[in-house]
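Reviewing the structure listed below.
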Amino acid sequence: MAVDLLLGLQWGDEGKGKIVDVLTQGYDVIARFQGGPNAGHTLEFDGIKHVLHTIPSGIFHKNAQNVVGNGVVIDPVVFQKEIEKLAPFHLDLTKILFISRKAHLILPTHRLLDAASEAAKGKAKIGSTLKGIGPTYMDKTGRNGMRVGDLEFDNWKEKYRALAEKHQAMIGFYNVELEYDLKELENEFFKAVEALKKLPFIDSEQFMHEAQKSGKKILAEGAQGSLLDIDFGTYPYVTSSNTTAAGACTGLGVSPKSIGKVLGIFKAYTTRVGSGPFPTELFDEDGATMGRVGREFGATTGRPRRCGWLDLVALKYAIQVNGVTELIMMKADVLSGFDTIKVCHAYQYRGTEITHFPYTLEDDAVTPMYTSFKGWNQDLTGMTQEGDLPQELLAYVHYLEKELEVPITMVSVGPDRTQTIVRG
Ligand code: GDP
Ligand code: IMO
Ligand code: MG
């Protein structure tokens, strides 16, 4: 069976958690393939709002198996808290949640290194979630990391100690003020490791292979978004993993030949949290309205998200890099009430009009060029089918499909599971 992918096409927070939850009824396995607790995936159903960070968004469906793949970085401390928050749902996690032995571990000192690195950058800081993501992937590619599978060996604490000591020396190198009690952080970490060890550790590439062979339907859940990809994003203001389609192959050990649908998810506008260029960012009342109506605050850090119009130059680039086969448009309801809706169709780049995504968006090199659409006033949040949607919104959807050359198969009109319109 093919492996379908669901990927964020912007700077993250497109609504991946909600849609994976909606789609899980049609899948047997949901697998996260990259990122870590920098992610915050929000699910709303039955009046409950739940945020997941490392655990895949299929967890509330008892029949689905959830896999944390080798490409993910796991902080046992955050993971333990996530497990505790699931207690009211009485899920038998040992039967539905599987952890790759090859996933790397975030140590407390990785988090400290993240904080030291950001503090040392001053104004040039990335705006990291400070979850230790960058330092953990550095240790992975530097061939120094600790993996989940190491925890099954008696000498894991020695490995831990050697790496933590090296980190302490590195923290000293940054020469910044950092207050912490390492003993306390370590105690918390060791306890959390014991909690993690209660879950099944698997050779996830083998697990995925067998799932495919036995005809299970698999959905790979991306974290972050394409514009935060370590290679194709707005470097250096990116995260430290491949958030794009190819990352699912390396992050799960599935072959490129086995990829089926590539579902690309985007907001009807754009948001970004953290630093870095954002050509269509709005600093006016429209931007403030998007933030207020869309409740645009980071699900992991609570920071306000920067808001702006939809950027087709960036979106086309993301579609191209990922090979998107279907699009899902989120948060259409947030645009209700705008007289005019704008879409950036090209950039003025150093005096020339371009429609490709340039090497850098920095230094004010880019001025967005807009096409305007008539807005709509209707409240969309109770609408259940395409025929209910206002003509102006349908005109917007048709324009996007024509420009992007990919069908928009779902339009989301609210945060709840049920507020999802599947198009014919
Ligand atoms: P993710 O990281 O891609 O899973 O997205 P987040 O959960 O970080 O952010 C998406 C936010 O938008 C969450 O608060 C969701 O509950 C909310 N959301 C998702 N879809 C919709 C929608 O169609 N309309 C509105 N108003 N909110 C939505
Ligand atoms: P989900 O999966 C939005 C951003 C951070 C920062 C940059 C680097 O919920 O869409 P990192 O912590 O990785 O060192 O931060 O990436 N970032 C996200 N922004 N959604 C996310 O995840 C993000 N994960 C990281 O704000 O700008
Ligand atoms: Mg999020």
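The values are calculated or read from the model by the stated rules, or taken from the named source; none is laboratory data. Predicted, not measured: the structure shown is a model, and the values here were computed from it. All Cβ positions, glycine included, derive from the backbone under ideal geometry; neighbour counts span all protein chains shown. All accessible areas refer to the heavy atoms of the entire protein, side chains included, with ligands and DNA or RNA removed. Shrake-Rupley method; radii C 1.70, N 1.55, O 1.52, S 1.80 Å.
Filtering region 294-345 to residues that are open to solvent by 30 Å² or more (accessible area, probe 1.4 Å) and among the β-branched types (Val, Ile, Thr) leaves Thr300, Thr301, Val321, Thr325, Thr340. All conditions in (1) over 28 Å from Val22 (Cβ atoms); (2) touching a residue at least 40 places away in the same chain (Cβ under 8 Å) hold for Gly351, with the sole exception of (2).
Report, by residue number, each residue of region 351-367 that is in a strand (DSSP E or B) and surrounded by 19 or more Cβ atoms within 10 Å (Cβ to Cβ). Val366 - this is the single residue of region 351-367 that is in a strand (DSSP E or B) and surrounded by 19 or more Cβ atoms within 10 Å (Cβ to Cβ). Checked against the criteria, Leu196 counts as more than 13 Å from ligand 2 (Cβ to nearest atom) and in contact with a Pro (Cβ under 7 Å, 6 or more places away or on another chain). Give the residues of region 385-420 that are out of contact with any strand residue (DSSP E or B) (no Cβ under 6 Å at 6 or more places or on another chain), part of a helix (DSSP H, G or I) and touching a residue at least 40 places away in the same chain (Cβ under 8 Å), sorted by residue number. Listed by number, the residues that qualify are Leu393, Tyr399, Leu400, Glu403, Leu404.
If you go through region 31-61 and keep only what is among the aliphatic types (A, V, I, L, M) and more than 10 Å from ligand 1 (Cβ to nearest atom), you end up with Ala31, Ile48, Ile55, Ile59.
Considering every residue within region 88-103, establish whether at least one is surrounded by fewer than 20 Cβ atoms within 10 Å (Cβ to Cβ) and either acidic (Asp, Glu) or under 24 Å from Asp13 (Cβ atoms) (or both). The answer is yes, given that some residue of region 88-103 is surrounded by fewer than 20 Cβ atoms within 10 Å (Cβ to Cβ) and either acidic (Asp, Glu) or under 24 Å from Asp13 (Cβ atoms) (or both).
When Phe79, Phe60 are checked against the criterion of being open to solvent by less than 10 Å² (accessible area, probe 1.4 Å) and aromatic (Phe, Trp, Tyr), Phe79 stands alone in meeting it.
Answer with yes or no whether Lys62 is more than 14 Å from ligand 2 (Cβ to nearest atom), assigned to a loop (DSSP other than H, G, I, E, B) and of a type in the set (D, E, K, R).
Yes, satisfied.
Listed by first and then second residue, the pairs linking a residue in region 44-69 that is under 14 Å from Ala31 (Cα atoms) and at pLDDT 95 or above to a residue that is within 13 Å of ligand 3 (Cβ to nearest atom) and assigned to a loop (DSSP other than H, G, I, E, B), with Cβ atoms under 7 Å apart and 6 or more places separating them unless they lie on different chains, are His53/Pro37; His53/Ala39; His53/Gly40; His53/Thr300; Thr54/Gly36; Thr54/Pro37; Val68/Thr54.
Apart from one condition, Asn70 fits all of (1) more than 16 Å from ligand 1 (Cβ to nearest atom); (2) surrounded by fewer than 23 Cβ atoms within 10 Å (Cβ to Cβ); (3) of a type in the set (S, T, N, Q); the exception is (2).
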